[in-house]
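None of the figures in this text is laboratory data; all of them are computed from the coordinates on show. Predicted model, so just to flag it, every value in this text is computed and none were measured. Glycine gets a Cβ as well: all are built from the backbone with ideal geometry, and neighbour counts include every protein chain shown.
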Amino acid sequence: MEEQSLRLAVYPGTFDPLTNGHISLVRRGLDVFDRIVLAIARDTYKKPLFSLQERKEMAQEAFAGNPGVVVETFSGLLVDYVDWCGAKVILRGLRANSDFEYEFQMALMNRRLKRDIHTMFMMTDYKWLFTSSSIIKQTAEAGGDVQGLVPDIVWQQLKIRYGIQNHVS
Ligand code: COA
């Protein structure tokens, strides 16, 4: 899919929804890679709030005008998708110690499946250490204001989903 010379990474996840933490990681990833494919998983053990198409459209809007980012969806094995893209690197973010065990398991499983595909971790910026898609959904569901933690398009969609009125701040 891509030219050999392009430094390409695939950043996979459920992105239900995309948060500013994810965006920060992609931006920093672009200091290292020429292009990042934000790969939204169709098959996930999670029960997503937003459909695959909705997650894709929100991410596309959030990265509109950034030619270094391509938003795609995938199903099946991640390593097969990464291979199909012509990439060698899976990019993942680490927020805290608690992420490590799960990420380590995934990275080793992916390596067992395809040895020539490598997982690279970047530390999440300290500003986003406490965020996750779940905590953002929980907060919004209870009527909390998560503006500033997610791209504007995501905040608009969360407000619609949870019937949140405009906040006076
Ligand atoms: N800033 C803020 N939050 C972050 C973050 C960052 N930089 N990095 C991760 N997170 C959060 C996410 O919001 C998410 O929160 P949630 O659990 O509340 O939803 C959580 O950390 C990690 O989830 P995410 O990054 O979406 O990844 P995931 O664990 O949901 O995705 C896949 C896992 C899709 C990559 C994995 O299941 C997969 O590869 N599936 C394909 C099937 C496969 O190949 N399986 C075998 C390989 S193990």
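Counted by neighbouring Cβ atoms within 10 Å, the residues PHE74, PHE121 run from fewest to most as PHE121, PHE74. For VAL150, the amide hydrogen comes within under 5 Å of the amide hydrogens of ASN20, counting only partners 5 or more places away or on other chains and with H modelled in the peptide plane. Remark: the range 8-129 carries a charge dipole of roughly 200 debye about the Cα centre, counting +1 on each Lys and Arg Cβ and -1 on each Asp and Glu Cβ. Ordering GLY163, VAL71, SER98 by Cα displacement along the dipole of the range 69-169 toward the positive end leaves SER98 in first place; charges were set at the Cβ atoms of Lys, Arg (+1) and Asp, Glu (-1).
Calculated on the Cα set of the chain, radius of gyration then Dmax: 16.0, 53 Å. Reported to the nearest whole Å, the Cα centre-to-centre distance from the range 1-75 to the range 129-154 is 18. Relative to its Kirkwood radius, the Cα radius of gyration of the range 1-89 gives an Rg/Rh of 0.94. Mean residue ellipticity, 222 nm, helices only, the chain: the sum of -39500 (n - 2.57) across DSSP H runs of n ≥ 4, divided by residue count and rounded to 500, is -12000 deg cm²/dmol. The angle between the Cα long axis of helix 152-162 and the main principal axis of the chain comes to about 60°, on a 0 to 90 degree scale. Rounded to the nearest 10 degrees, the angle from helix 97-113 to the longest Cα principal axis of the chain is 40 degrees. Here the Gaussian network model covers the chain, with springs between Cα atoms less than 10 Å apart; of PRO48, PRO12, PRO67, PRO67 fluctuates the most. Total lysine pairs in the chain at Cα distances under 22 Å, for residues eight or more apart or on different chains: 11. Once the Kirkwood radius over Cα pairs is known for the range 129-169, the Stokes-Einstein relation at 10 °C and 1.306 mPa s delivers a diffusion coefficient of 155 µm²/s. Under 8 Å for C-alpha pairs, at least 6 residues apart: give me the relative contact order for the chain, rounded to a whole percent. Taking the mean separation of contacting Cα pairs over the length of the chain, I get 28 percent.
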